[in-house]
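Student: Once you've had a glance at the structure underneath, I'll fire off some questions.
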Amino acid sequence: MNDSNLDFFAVASHELRSPIAIIRGFAELLQDQPSLNQEMVQDISEKIFRNSLRLEKLVKSLLLLADVENSASLSLQQAPILPFIEHCKEIVLAKHPEAHIVIECPDRKITVEADVDLLELAIINLLENAIKYSPPPGKINICISGSDAKTSIAIQDQGIGIAPEHVPHIFDRFYSADKALSRKLGGAGLGLSLVKTIVEKHGGSMAVQSKQGQGSVFTIVLPN
Ligand code: ADP
């Protein structure tokens, strides 16, 4: 096992231990104090429930990341980009009907060679982050452009942005610019590393530009 694997297991174990410790602590409290009033029991049960959801989400994200990293080959197909992105938009709007998502695609003939299920996962992750880290309702622009050699999909928000010192790390596993905020919003810090892994599996690359307080642009570049 190499150093980066050891680091990963150390951090993953730490992240898993924290909700387990909280659940255990509150369950013990319920056991040891049978005379707690109804309001406190309600409050403690809610904390146990919230942390079990956090744990479940963390395990799901880890399994998904392992699946994507270990899958030997992609199930590639030639997909017209505009209907594909419109489909991703519909999925996100079903969950966040208040969001404004505008797609700009001057060349409707652009196609990408992609594992569409995986690429959909990546795009949805970026769109959900754009909404999560923006003041409601969330205004997002998706700009698609292509050349003979590559296709770019840029997802731009007008949200909180990312401070320059965090930008080089945000694709790292479990990294959050603001851990408390990310946790409050239900994040585990694994979304962007999953997106990057998917894009790199396609032979592509990821870039981010951000200004704190003004918004961010995440760009996926795929080879043609
Ligand atoms: P999380 O589950 O914390 O959202 P991600 O891996 O998706 O994890 O993102 C890592 C971190 O990058 C986030 O915690 C947040 O600090 C920052 N981030 C990601 N997307 C955005 C965005 N669109 N605007 C501002 N910050 C973002």
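Student: Only one of Lys89, Lys95, Lys60 is basic (Lys, Arg) and either at pLDDT below 95 or not assigned by TED's automatic domain parsing to the domain that holds Leu190 (or both); which?
Tutor: Unique residue meeting the criteria: Lys60.
Student: Would you be able to say whether some residue in region 29-46 is within 22 Å of the chain's Cα centre (by Cα) and part of a helix (DSSP H, G or I)?
Tutor: no
Student: Ok, one more. Only one of these conditions is not met by Tyr133: (1) buried (at least 21 other Cβ atoms within 10 Å of the Cβ); (2) farther than 27 Å from Glu69 by Cα. Which number is it?
Tutor: Status for Tyr133: all satisfied but (2).
Student: Also, I was wondering about something else. Quick one: what pairs do we get from region 162-173, first residue within 14 Å of Thr197 (Cβ to Cβ) and modelled with pLDDT of 95 or more, second within 9 Å of the ligand (Cβ to nearest atom) and of a type in the set (S, T, N, Q), C-beta under 6 Å, 6+ apart or different chains?
Tutor: Pairs found: Phe171/Ser193.
Student: Another one. Using beta carbons and a limit of 8 Å, which pairs, at least six apart or on different chains, have the first residue in region 174-193 and near the ligand (Cβ under 6 Å from one of its atoms) and the second one at pLDDT below 85 and of a type outside the set (A, V, I, L, M)?
Tutor: From region 174-193, the pairs are Ser176/Arg183; Ser176/Gly187.
Student: What tally of residues in region 179-191 results from selecting those that are modelled with pLDDT of 90 or more and out of contact with any helix residue (DSSP H, G or I) (no Cβ under 9 Å at 6 or more places or on another chain)?
Tutor: Result for region 179-191: 0.
Student: Checking the conditions here, which among Leu119, Leu58 is under 30 Å from Asn5 (Cα atoms), part of a helix (DSSP H, G or I), touching a residue at least 24 places away in the same chain (Cβ under 8 Å) and away from the ligand (no atom under 16 Å from the Cβ)?
Tutor: Unique residue meeting the criteria: Leu119.
Student: Checking Ser13 against (1) within 21 Å of the chain's Cα centre (by Cα); (2) in a helix (DSSP H, G or I); (3) within 30 Å of Ala130 (Cβ to Cβ), which single condition isn't satisfied?
Tutor: (3)
The values are calculated or read from the model by the stated rules, or taken from the named source; none is laboratory data. None of these values were measured; they are calculated from a predicted model. Neighbour counts run over all protein chains shown; Cβ positions are idealised from the backbone, glycine included.
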